[in-house]
Amino acid sequence: MPLRENQDKSIMDKKVIDISGKIIETAAVTETTVPVNENQEKDSNYWRSFRELYNDPDFIREKKNEFMPGALDRPDENSFSKVSRRKFLALLSASAAVAASGCSNFRDKGEIVPYNKKPESVTIGNPTYYASTCTGCQYACGILIKTLEGRPIKVDGNPDHPVSKGKICAIGQASVMNLYDPERLKNPSERINNTGGNDITWAAADDKIITQLKSAASSGKEIVIVTNKINSPSQKKLLTEDFKTAYPTAKVYSFELFSDANKNSAFEKCYGAKTFPLVQLDKANVILALESDFLGNEGNKVENSRLYSQRRDAFNGEEFNRLYSVEGNASVTGMNADYRMILRTDAIEEFVYCLLNEFVSKQKVSALSADGGVTGKLQSYNLNSFVEKNNLSKETVAHLIEDLKKNQGSSFVTAGSMLPESTHIAVNLLNEVLGNNKLYIKDVSIVEQVPLSSKSELENLISDMKSGKVGAVIHFDSNPVYNLPGDYGYADALSKVPLVISLTETINESSDKSNFVLPVNTMFESWGDFQTRNNFYSLQQPVIAPLYNTRQKEEILLTWSKGTKDAFNNEIYQKYVMDNWKAGALQSAGSDANFMKQWYAALNDGVVSTKTVSAAGENSPTAFKSEALTSGNSKLTQSNETVLILLKSSSLGDGRFANNGWLQELPKPLSRIVWDNYAAISVQTAKALSLKSNDIIKVTTSAGSIEVPVFIQPGTAEGVIAVELGYGRSVCGTVGKDVGVNANKMMSKNSKVSQWMFNDAKIEKTGSVYELVSTQEHFAFDEPLLKDIQYRREIIQEGTYLQYKEDPDFLTAHKTKYSEEETEKLKVGSINEQYVHTGTKWGMVIDLNKCTGCNECAAACNVENNIPVVGKDQVKANREMHWIRIDRYYSGTPEVPKTSFQPMLCQHCDFAPCENVCPVAATSHSADGLNGMAYNRCVGTRYCSNNCPYKVRRFNYFNFRDRFRDSVQLEESYSLMANPEVTVRSRGVMEKCTFCIQRIMEERQMAIQENRYVIGSNVKTACQEACNTSAIHFGDQNDKEAEFYKLNNSKLGYTVLEEIKVKPNVTYLAKLRNVLEIEKTEEHH
Amino acid sequence: MPEKNNLIKNTESVTIKRKKFFIYSGSALLGLFAFLNIPSSLFRSGIASKDSTIKITENPNAVKRKSRQVNNG
């Protein structure tokens, strides 16, 4: 293959420098070093890491072995015990005798009792579902909670919910672990004189607190409630009306670690409406994302992903949209873009002005071209010189201009939340100029129950706390000590307040400084109502009674607002919500009987549409106010220092779920790093500062400094570093404590740019090292004969949308990877005889056009299949237990990579090589095409894993539940979390994806009961159900009438490693990049 | 009489001696006492205390649905 020869040559020609500046051999290149040759030839081969790209000998050696170095080493005989064989046997016999006589009650698992008090509607083994609302973040998605015999075991999206439409994020998926967290607070406690908390009764706590609150109110001292964003009408009424009536000095402050504050304030200046409108993203033919990760960790990603992916479907008849991304940090959105341009984050505003000047002054596409005030502001910006100065691709910028011009009114420009107000104003104008405001949804708008507190309000609060004006602070399930920017001085101010109460599920940094810590219910144990948009309400209902001696936070405040501890009862807040609905959402019901009927219907559905959309009033957008642009806002300009951007964690959110092991162990979409945050820096910055991954750097800005390990992230702009927030919790359970670095302290209320962005950062190398663990290179396995496996074997197959439209057969027509001789060899038939599946034959289709690599599927799989958390040390040793992994491949250069994602799971091969080698027939094939595992048969030889070409089998090297963090996963509460339909595996057993066989069995049973055939589309695997973009399809390959059949036999379909003739049953639909050029076939694999 | 003598002899052979009886019954009582009183939790390792057994109770006021399909109610 000529390309391969060229590629090898180019690699050999490279010289690299190590951290001390010496020139060393290419063969030694790792992520610790970076290439000197900046103009290196583009390498179209796929690579997973720098070590692989530069053929690091260690990596090549490791790839030849499935197991990590040391796994097969002969043990050191000198380290053996000196106990003789005879003595050993004697001791063994004696200890066995003692154990046998003393362990009659060992591991008492309780008694088996008949379920004779069974509720009428419960049938053993049949799940029930409850519609509810997730409160894991501010977006309040609708969920369906699955319970078995009363235990919530799985959370999925509520298909009736108009926003989330049956999907939720990883935090929602994993939230069931929060319910059963054994480290949840179980009793109220009081902390006296800074000693540890003493448990007290609820009555005593209520009594003491009510007395002190009354005293504070009567002496005119403020009673402050600090809460996260309020989305609930009933909660709003309780806090701002009823509690305030009881305690007139009460004030509510709300905040979120991440918000659209800059976007909203810019929109208000431009259009007079307080919140940014909803956008018909699915109607946009062209999307330009400016440092915006709307598919990753920004905004309502569940909804964004759904709307975006509706236009990435090759079969629904709609044209593909085209996504342009301009960014400094490598984001999920950017890596999914058709065109990605790398630009420093603080240069983005100038880029927008250059585009504005191009469209307004040069191309005169808008009436604003005649507005001298506007054109005057724009005339100093020149796109050509900007492109030149920032080394952007002229061709790509020309495509962008052409596309935006051609799609006026059907394109959309979006900017990241961390960008300052001035950038958002410019972006609003760009959308206005292009007529894209047509995509703003007019009749449905976002409802802000209580606006988030402004900077000045929070400053006043701190000042009042410090001056003794505040008599009590109530943390309403919030953690301001950790979440608020450090320069507010909240923690210091708190010490001046005589009464601090924390209502929280688990200990946190704020509860640690409280006089009273009151445990609250999780969302599975709480009532609530929510209104995030003006066209519907959603409800939250408790599916079980509280597991511990906890109360719902609203119940606690309601009791206090009644002024006596005796006011509490278990239904106090339920009745409160119902009363509010009688007067509000279900006002039209009339009679009590009719209300109850509608109330139960609402609880059943989880959502209620409002027939008449409430008047938007002051939130109605007006015409664009050009004075927003011309007013004296300071503009964001490019600095000479480094840009620091602070991001929401892709798995932990704002850090409140740090004690959730499933979330900690979920790999980040691009770096695949687990159990840590890090500073993502570019290859160029690493080179300039002689940094390598794992080096600890000190980042200093005007807000302060932190020390954080470095990860060299391909595709990051030079001079930009990005750090995720939500880590470094100092007061947390055993799982989340001190994991990662607390970068929250870098946030500043006084940042010149924005709370989440600085362009005055300085980086210093500390000389220390901290090991980050990434799953990226795991399960890479080949041998010399199969070198460049992902290139030659076309594991990733791609093309362009134009190519597909011109020739739908292009994928099969251009297979040129083998020489004629090789092709002849491949025609040799299999030695196995094909078994003919006449009935159902299960299969999966994964649409790579829709997969964004977000990991939602992995989170769902973990919950459904009782996957244990193994911990960072075991992930480092290649022992993570996830049944589905997202392989992320880069192609191109480290500076400008293209990215491809590919979910990889057991392929349930017809001729499964794992089956042939199992000495005990523990893995075998079923008549409906499943590659099954009999855990009880498995003796742990690992031959199957060795023989699996996809490396999707996972071995239980330990009983990980026992091994991880003092056996926290063996606590009683965690055992209640297990899905009883899936065996909990123990040490020495091999496991892997089962295609959710328990769900298949459910359908099979239903088919038997209803005397019909199994219907493939009735089965939805956990990953399929969770996939935000509906990239995963599952069904019966033999059902020719089903939609699945068409996808499975589509012209874009291919199977991975098809030439080794194992006949996998997972079909991948090739990714089509919607670029304007038909690229050479050789460059697409 | 030979028959009578045999009967007496047989009766004597199945009688447990007083001393042995007390040893056996004492040992049995001691064993029973030990079995009932030695806390089995001594032999549990790495497993949390079961003192606070969690009770799962469904909420009677919640409204359940049988399917995860779209409801359109």
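Within the range A:711-750, how many residues are open to solvent by less than 20 Å² (accessible area, probe 1.4 Å) and farther than 30 Å from A:R51 by Cα?
9
Which pairs turn up if I take residues in the range A:295-307 that are more than 16 Å from A:F412 (Cα to Cα) and in a loop (DSSP other than H, G, I, E, B) and look for partners that are open to solvent by less than 20 Å² (accessible area, probe 1.4 Å) and aliphatic (A, V, I, L, M) with beta carbon separation below 6 Å, at least 6 apart in sequence or on another chain?
Close Cβ pairs satisfying both conditions: A:G296/A:V332.
Go through A:N126, A:N228, A:N187 for me and flag whichever is within 12 Å of another protein chain (Cβ to nearest Cβ), open to solvent by 10 Å² or more (accessible area, probe 1.4 Å) and closer than 28 Å to A:T564 by Cα. Steps first, answer last, please.
Numbers: A:N126 fails: closer than 28 Å to A:T564 by Cα; A:N228 fails: within 12 Å of another protein chain (Cβ to nearest Cβ).
On inspection, the qualifying residue turns out to be A:N187.
For A:L970, indicate whether it is modelled with pLDDT of 90 or more, within 11 Å of another protein chain (Cβ to nearest Cβ) and under 27 Å from the mean Cα position of the chain (by Cα).
Values: modelled with pLDDT of 90 or more: no; within 11 Å of another protein chain (Cβ to nearest Cβ): yes; under 27 Å from the mean Cα position of the chain (by Cα): yes.
Criteria not met by A:L970.
Only one of (1) assigned to a helix (DSSP H, G or I); (2) within 30 Å of A:Q684 (Cβ to Cβ); (3) of a type in the set (A, V, I, L, M); (4) touching a residue at least 24 places away in the same chain (Cβ under 8 Å) is not met by A:A398, so which one is it?
The failed condition is (4).
Within the range A:1033-1046, is even one residue within 14 Å of chain B (Cβ to nearest Cβ) and within 23 Å of A:G125 (Cβ to Cβ)?
Pass one, the range A:1033-1046, residues within 14 Å of chain B (Cβ to nearest Cβ): none.
Checking the range A:1033-1046: not a single residue is within 14 Å of chain B (Cβ to nearest Cβ) and within 23 Å of A:G125 (Cβ to Cβ).
A:T559 passes all but one of (1) modelled with pLDDT of 95 or more; (2) crowded, with 24+ Cβ neighbours inside 10 Å; which number fails?
The one condition A:T559 does not meet is (2).
Which of the numbered conditions does A:V252 fail, given that it passes all the others? Conditions: (1) of a type outside the set (G, A, S); (2) assigned by TED's automatic domain parsing to the domain that holds A:L430; (3) under 24 Å from A:K455 (Cα atoms).
The failed condition is (2).
What do you reckon, is A:K442 open to solvent by 10 Å² or more (accessible area, probe 1.4 Å), closer than 30 Å to A:L281 by Cα and part of a helix (DSSP H, G or I)? Full working, then the answer.
On the way: open to solvent by 10 Å² or more (accessible area, probe 1.4 Å): yes; closer than 30 Å to A:L281 by Cα: yes; part of a helix (DSSP H, G or I): no.
Against the criterion (open to solvent by 10 Å² or more (accessible area, probe 1.4 Å), closer than 30 Å to A:L281 by Cα and part of a helix (DSSP H, G or I)), A:K442 does not qualify.
Name the residue that is farthest from the other protein chains (Cβ to nearest Cβ), counting only residues in the range A:585-603 that are among the small types (G, A, S), open to solvent by less than 60 Å² (accessible area, probe 1.4 Å) and assigned to a helix (DSSP H, G or I).
Only one residue fits best here, namely A:A589.
When you look at A:F657, is it part of a loop (DSSP other than H, G, I, E, B) and open to solvent by 10 Å² or more (accessible area, probe 1.4 Å), yes or no? So that I can check it myself, show each step before the final result.
Details: part of a loop (DSSP other than H, G, I, E, B): yes; open to solvent by 10 Å² or more (accessible area, probe 1.4 Å): yes.
So A:F657 fits the description; yes.
Condition first: open to solvent by 30 Å² or more (accessible area, probe 1.4 Å) and part of a helix (DSSP H, G or I). Can you find one or more residues in the range A:668-685 that meet it? Step through it out loud before you land on a result.
If we filter the range A:668-685 for residues that are open to solvent by 30 Å² or more (accessible area, probe 1.4 Å), which is where we start, we get A:684.
Next, from what is left, pick out any that are part of a helix (DSSP H, G or I): A:684.
Yes; the residues of the range A:668-685 include at least one that is open to solvent by 30 Å² or more (accessible area, probe 1.4 Å) and part of a helix (DSSP H, G or I).
Which of the residues spanning the range A:252-263 are surrounded by fewer than 21 Cβ atoms within 10 Å (Cβ to Cβ) and part of a helix (DSSP H, G or I)?
Within the range A:252-263, just A:A261 meets the criteria.
Look at the range A:157-178 and say how many of its residues are touching a helix residue (DSSP H, G or I) at 6+ places or on another chain (Cβ under 8 Å), within 11 Å of chain B (Cβ to nearest Cβ) and either under 24 Å from A:K553 (Cα atoms) or open to solvent by 20 Å² or more (accessible area, probe 1.4 Å) (or both).
2
Could we say that A:E571 is within 28 Å of A:N483 (Cα to Cα), of a type outside the set (S, T, Y) and either open to solvent by 10 Å² or more (accessible area, probe 1.4 Å) or touching a His at 6+ places or on another chain (Cβ under 7 Å) (or both) here? It would help to see each step written out before you state the result.
On the way: within 28 Å of A:N483 (Cα to Cα): no; of a type outside the set (S, T, Y): yes; either open to solvent by 10 Å² or more (accessible area, probe 1.4 Å) or touching a His at 6+ places or on another chain (Cβ under 7 Å) (or both): yes.
So A:E571 does not fit the description; no.
Could you count how many residues in the range A:333-377 are modelled with pLDDT under 85 and among the aliphatic types (A, V, I, L, M)?
5
Hey, can you tell me all the residues within the range A:992-1012 that are more than 22 Å from A:G150 (Cα to Cα), open to solvent by 10 Å² or more (accessible area, probe 1.4 Å), without any contact (Cβ under 8 Å) to a residue 60 or more places away in the chain and not basic (K, R)? Steps first, please.
Initially, the range A:992-1012 is screened for residues more than 22 Å from A:G150 (Cα to Cα), giving A:992-995, A:997, A:1000, A:1004, A:1007-1012.
Now drop any that are not open to solvent by 10 Å² or more (accessible area, probe 1.4 Å), which leaves A:993-994, A:997, A:1004, A:1008-1012.
Among the residues that remain, those that are also without any contact (Cβ under 8 Å) to a residue 60 or more places away in the chain are: A:1004, A:1008-1012.
If the condition is that a residue be more than 22 Å from A:G150 (Cα to Cα), open to solvent by 10 Å² or more (accessible area, probe 1.4 Å), without any contact (Cβ under 8 Å) to a residue 60 or more places away in the chain and not basic (K, R), then A:I1008, A:Q1009, A:E1010, A:N1011 are the ones that fit.
Please enumerate the residues belonging to the range A:763-807 that are among the charged types (D, E, K, R), farther than 30 Å from A:A314 by Cβ, open to solvent by 20 Å² or more (accessible area, probe 1.4 Å) and at pLDDT below 90. Explain how you work it out, then say what you get.
Here is the first cut: in the range A:763-807, the residues among the charged types (D, E, K, R) are A:764-765, A:771, A:777, A:782-783, A:787-788, A:792-794, A:798, A:805-807.
Then drop every residue that is not farther than 30 Å from A:A314 by Cβ, which leaves A:764-765, A:771, A:777, A:782-783, A:787.
Next cut, open to solvent by 20 Å² or more (accessible area, probe 1.4 Å) only: A:764-765, A:771, A:777, A:783, A:787.
Once the filter is applied, which keeps residues that are among the charged types (D, E, K, R), farther than 30 Å from A:A314 by Cβ, open to solvent by 20 Å² or more (accessible area, probe 1.4 Å) and at pLDDT below 90, the range A:763-807 yields A:E777, A:E783, A:K787.
If I filter the range A:265-285 for residues that are in a helix (DSSP H, G or I), open to solvent by 30 Å² or more (accessible area, probe 1.4 Å) and under 25 Å from A:V720 (Cβ atoms), do I get at least one hit?
Scanning the range A:265-285, I find at least one residue that is in a helix (DSSP H, G or I), open to solvent by 30 Å² or more (accessible area, probe 1.4 Å) and under 25 Å from A:V720 (Cβ atoms), so the answer is yes.
Is there any pair linking a residue in the range A:487-509 that is without any contact (Cβ under 8 Å) to a residue 60 or more places away in the chain to one that is surrounded by 23 or more Cβ atoms within 10 Å (Cβ to Cβ) and of a type in the set (K, R), with Cβ under 7 Å and at least six apart or on different chains, and which?
Matching pairs, first to second residue: A:L503/A:K553.
Count, please, the residues in the range B:45-66 that happen to be open to solvent by less than 100 Å² (accessible area, probe 1.4 Å) and either facing chain A (nearest Cβ under 7 Å) or modelled with pLDDT of 75 or more (or both). Write out each step before concluding.
Start the filter on the range B:45-66 by keeping residues that are open to solvent by less than 100 Å² (accessible area, probe 1.4 Å), which leaves B:45-50, B:52-54, B:56-59, B:61-65.
Subset that is either facing chain A (nearest Cβ under 7 Å) or modelled with pLDDT of 75 or more (or both): B:46-48, B:50, B:53-54, B:56-59, B:61-65.
Residues meeting the conditions: 15.
Which residue out of A:V989, A:V968, A:V952, A:V984 is surrounded by fewer than 19 Cβ atoms within 10 Å (Cβ to Cβ) and among the β-branched types (V, I, T)?
Working: A:V989 fails: surrounded by fewer than 19 Cβ atoms within 10 Å (Cβ to Cβ); A:V968 fails: surrounded by fewer than 19 Cβ atoms within 10 Å (Cβ to Cβ); A:V952 fails: surrounded by fewer than 19 Cβ atoms within 10 Å (Cβ to Cβ).
Checking each option against the conditions leaves just A:V984.
The values are calculated or read from the model by the stated rules, or taken from the named source; none is laboratory data. Since we're looking at a predicted model, the values are computed, not measured. Note: ideal-geometry Cβ built from the backbone for every residue, glycine included; neighbour counts use all protein chains shown. Ligands, DNA and RNA are excluded from the accessible area calculation, which covers all protein heavy atoms including side chains. Shrake-Rupley method; radii C 1.70, N 1.55, O 1.52, S 1.80 Å.
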